[in-house]
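For reference, the structure discussed in these notes is given below.
The values are calculated or read from the model by the stated rules, or taken from the named source; none is laboratory data. Treat the numbers as computed from the prediction; the structure is a model and nothing was measured. Cβ atoms come from the backbone with ideal geometry, glycine included; neighbour counts cover every protein chain shown. Note: areas computed on protein heavy atoms with side chains; ligands, DNA, RNA excluded. Shrake-Rupley method; radii C 1.70, N 1.55, O 1.52, S 1.80 Å.
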Amino acid sequence: MTDAETLADLRTGADYQFGAGAGAALFPPDETHTVRRSSGGRPRQVLVGDVDDTPGSAAGERLVSYGTDGRFTLGVAGGRRLRSAFGAPRHRVVVGEESEPFVREGKNAFAKFVTEADDGIRPGDEVLVVDDGDALFAVGRAELSGPEIAAFDTGPAVSVRNGAGPADDDGQ
């Protein structure tokens, strides 16, 4: 199976997992992507651009990893694309500014600091951790449903997989 055929299938899977339009947002057909595969040929990661796999070469940004369960796990670059494709509050957990530096470093987001969460979130869903201004702090896996995240005062809300790193000059 070629990378183009694989990407077409992955677009369909992304639309199923995240909603209509997610596949085109994550993997635009007019953009170059690198699909890294397992030794058996199954797609494992999708990166932006052509990536030279020789040792010491710079790799592109990771959009997603594709698990053996058929679900995507987001990279920060993939989270930015979903944030742009879907308006708030979709796929978002909003945290207060006091937890920003910790979440940006990749530490978990705790329910105590959550101010808002998408009601459609289910435990195990991939989510975006953002602030009130929709600046992306991290991507990760929801530990609770959206209503539980907003209601609980203790425990982890999101198991953060990747923090977005220090804020850029534009607050992202």
Practice task
Calculate the all-directions average of the projected area of the chain's alpha-carbon convex hull, and give it in nm².
Solution key: 10.4 nm²
Practice task
Working from Cα positions, state the angle (0 to 90°, nearest 10) between the long axis of helix 3-18 and the longest principal axis of the chain.
Solution key: 20 degrees
Handout entry: Between helix 76-85 and the chain: long-axis angle, C-alpha atoms, 0 to 90°, nearest 10
Key = 80 degrees
Practice task
Using the heavy atoms of the protein chains and a 1.4 angstrom probe, tell me the accessible area per residue for the chain in square angstrom.
Solution key: 50 Å²
Completion exercise
Once the dipole of the chain is set up from charges on Cβ (+1 Lys and Arg, -1 Asp and Glu), the residue from the list Asn162, Phe72, Gly60 lying farthest towards its positive end is Phe72
Practice task
Arrange the residues Asp3, Asp153 by how much accessible surface each exposes, largest first, with a 1.4 angstrom probe.
Solution key: Asp153, Asp3
Exercise for the section: Please state the charge dipole magnitude for region 58-172, taken about the Cα centre, from unit charges on C-beta atoms (+1 on K and R, -1 on D and E), reported in debye and rounded to the nearest 20. Expected result: 540 debye
Fill in the blank from the handout: Of all DSSP beta bridges with both partners in the chain, the antiparallel percent, nearest 5, is 90 percent
Problem - Chain lengthening between Ala20 and Glu5 when straightened (0.36 nm per residue, less Cα-Cα) - result: 3.5 nm
Fill in the blank from the handout: Simple SL model, points at 7 angstrom along Cα→Cβ for Ser159 and Ser39; separation in nm is 2.6 nm
Problem - the chain, accessible surface, carbon-and-sulfur percent (1.4 angstrom probe) - result: 49 percent
Practice task
State, to one decimal in nm, how far the label point of Asp132 lies from the label point of Glu31, with both points 7 Å from Cα in the Cβ direction.
Solution key: 3.1 nm
Exercise for the section: Quick one: grab the alpha carbon gyration tensor of region 60-157, order the square roots of its eigenvalues as a ≥ b ≥ c, and give me rounded if a/c is under 1.5, else prolate or oblate depending on whether a/b is larger than b/c. Expected result: prolate
